[in-house]
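J.: This is the structure I want to talk about, given as structure tokens.
The values are calculated or read from the model by the stated rules, or taken from the named source; none is laboratory data. Keep in mind the model is a prediction, meaning the values are calculated, not measured. FYI the Cβ positions are ideal-geometry reconstructions off the backbone, even for glycines, and counts take in every protein chain you see.
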Ligand SMILES: C[S@@+](CC[C@H](N)C(=O)[O-])C[C@H]1O[C@@H](n2cnc3c(N)ncnc32)[C@H](O)[C@@H]1O
Ligand code: SF4
Ligand code: SF4
């Protein structure tokens, strides 16, 4: 039996009313928001798009009051969940704890992407008390690879912090937050992938996501992915074979196939992006773009200054979405699986005789 896993867009089925409204042409607002708290990072990962803000060691922070007020309005319009991520390290925000507590109070389910290197006792308590998931970005299964990618000697420190998170959750007798690790994978890191799987299984995290590194123009060398699909596939399958009832390995097969140029993913089945209506991203200055991959000319407006509700269904936003040539979007962009699925619902393939159950 096919199971819906925690990293798949099949989960849209749990929001069937919103999907149905969208398919009937009603105005819907996003279910999920990705938000940055900090523009900049204390790490310097080889391939990271936050790279331009890493070197000067100055971090820009979101204005907590404006941020919380905006998120309150978005929640009232139907937003349910928020992932703290962005172009930098969210846990560096001086109000990190306050922001998390306020968002929870508003009613959000909260997720966090973090490099896990600056978590102290208080932050770990806040995370364990309030979050639905925390996913630590950890690239490499040994010190040498990790330090080559992150360019920081934080291997042991981050492992200790992950252990403390797990210990705290156990002490509090909770099932949440789920505690997972994400592993960026290319020709530099695949050699230690199986070591990473063994390490994190032994530590006792809930899951390991194995995702491909995507090319970004700001880091043309660091973000190269020279893997070859047939040899990568067998290593990904080996990694997945370590899954059991307490530990899941999720290789993002489709993303790898897209990045590594597999034929069936060369063309999209939709003309404009559906996924962007269901999940959106906020920049730390309040800028709302059509999608994280389309900035500059694709600014819808500023949610700190203008009314989000008006902005979302403005002609400008709709025109911008429809103006994006999706076949030129980054190959493995986040919303592609959801957009493909929605298009299949909108226009079923009659060859599969959809009404025969
Ligand atoms: C930019 S970071 C921000 C949050 C936090 N600092 C962290 O590392 O989780 C979010 C995620 O983007 C991933 N990422 C950055 N650059 C990437 C690239 N070129 N290809 C694939 N993933 C990338 C990182 O590995 C990380 O998992
Ligand atoms: S830790 Fe996150 S934001 Fe920082 S450089 Fe690495 S991927 Fe980028
Ligand atoms: S990059 Fe992906 S998510 Fe963004 S508009 Fe294109 S298809 Fe949609």
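J.: Every residue in region 60-87 that is at pLDDT 95 or above, assigned to a loop (DSSP other than H, G, I, E, B) and more than 21 Å from residue 21 (Cα to Cα), please.
T.: Scanning region 60-87 gives 62, 63.
J.: For residue 341, indicate whether it is touching a helix residue (DSSP H, G or I) at 6+ places or on another chain (Cβ under 8 Å) and within 10 Å of ligand 3 (Cβ to nearest atom).
T.: no
J.: Please determine, by comparing only the residues of region 299-334 that are surrounded by 15 or more Cβ atoms within 10 Å (Cβ to Cβ) and modelled with pLDDT under 95, which one is nearest to residue 278 (Cα to Cα).
T.: The residue in question is 334.
J.: While we're here: State all residues of region 88-135 that are within 16 Å of ligand 2 (Cβ to nearest atom) and assigned to a loop (DSSP other than H, G, I, E, B); if no residue qualifies, say none.
T.: Passing the criteria: 89, 93, 115, 116, 117, 118, 119.
J.: Return yes or no: is residue 254 touching a helix residue (DSSP H, G or I) at 6+ places or on another chain (Cβ under 8 Å), without any contact (Cβ under 8 Å) to a residue 24 or more places away in the chain and within 30 Å of residue 197 (Cβ to Cβ)?
T.: no
J.: Which residue pairs have Cβ atoms closer than 6 Å, lie 6 or more positions apart in sequence or on different chains, and pair a first residue in region 121-150 that is without any contact (Cβ under 8 Å) to a residue 12 or more places away in the chain and farther than 19 Å from residue 111 by Cα with a second residue that is outside any helix (DSSP H, G or I) and within 16 Å of ligand 3 (Cβ to nearest atom)?
T.: Filtered contacts from region 121-150: no entries.
J.: I'd like to check something: does region 140-160 contain any residue that is surrounded by 15 or more Cβ atoms within 10 Å (Cβ to Cβ) and away from ligand 2 (no atom under 16 Å from the Cβ)?
T.: Looking for residues that are surrounded by 15 or more Cβ atoms within 10 Å (Cβ to Cβ) and away from ligand 2 (no atom under 16 Å from the Cβ), one finds at least one in region 140-160, hence yes.
J.: Tally up the residues in region 136-183 that are assigned to a loop (DSSP other than H, G, I, E, B), out of contact with any strand residue (DSSP E or B) (no Cβ under 6 Å at 6 or more places or on another chain) and under 30 Å from residue 224 (Cβ atoms), please.
T.: Qualifying residue count, region 136-183: 7.
J.: Could you list, in sequence order, all residues of region 1-27 that are more than 21 Å from the chain's Cα centre (by Cα) and assigned to a loop (DSSP other than H, G, I, E, B)?
T.: Those that are more than 21 Å from the chain's Cα centre (by Cα) and assigned to a loop (DSSP other than H, G, I, E, B): 1, 2, 24, 25, 26, 27.
J.: Taking region 260-282, which residues are under 17 Å from the mean Cα position of the chain (by Cα) and either assigned to a helix (DSSP H, G or I) or surrounded by 21 or more Cβ atoms within 10 Å (Cβ to Cβ) (or both)?
T.: 275, 276, 277, 278, 280, 281, 282
J.: Right, another one. Among the numbered criteria (1) without any contact (Cβ under 8 Å) to a residue 60 or more places away in the chain; (2) within 16 Å of ligand 2 (Cβ to nearest atom); (3) closer than 28 Å to residue 247 by Cα, which single criterion is violated by residue 43?
T.: Unmet condition: (1).
J.: When only residues in region 292-331 that are touching a strand residue (DSSP E or B) at 6+ places or on another chain (Cβ under 7 Å) and in a strand (DSSP E or B) count, which is farthest from ligand 1 (Cβ to nearest atom)?
T.: 301
J.: Quick one: how many residues across region 15-34 are more than 11 Å from ligand 1 (Cβ to nearest atom) and touching a strand residue (DSSP E or B) at 6+ places or on another chain (Cβ under 6 Å)?
T.: Taking region 15-34 as the starting set, the residues that turn out to be more than 11 Å from ligand 1 (Cβ to nearest atom) are 15-33.
Next, only the ones that are touching a strand residue (DSSP E or B) at 6+ places or on another chain (Cβ under 6 Å) stay: 30, 32-33.
Of the residues in that region, 3 qualify.
J.: Is it fair to say residue 96 is more than 16 Å from ligand 1 (Cβ to nearest atom) and surrounded by 23 or more Cβ atoms within 10 Å (Cβ to Cβ)?
T.: Answer is no for this residue.
J.: Among the residues of region 219-236, write down those that are surrounded by fewer than 19 Cβ atoms within 10 Å (Cβ to Cβ) and more than 9 Å from ligand 1 (Cβ to nearest atom). Don't jump to the end; show me each part of the working.
T.: The first filter runs over region 219-236 and keeps only residues surrounded by fewer than 19 Cβ atoms within 10 Å (Cβ to Cβ), leaving 219-222, 224, 226, 228-231, 233-235.
Answer for region 219-236, where residues must be surrounded by fewer than 19 Cβ atoms within 10 Å (Cβ to Cβ) and more than 9 Å from ligand 1 (Cβ to nearest atom): 220, 221, 224, 226, 228, 229, 230, 231, 233, 234, 235.
J.: Step by step: first the residues of region 191-225, then only those that are part of a loop (DSSP other than H, G, I, E, B) and under 26 Å from residue 170 (Cβ atoms), then the one that is farthest from ligand 2 (Cβ to nearest atom). Which residue is that?
T.: Top of the filtered list is 204.
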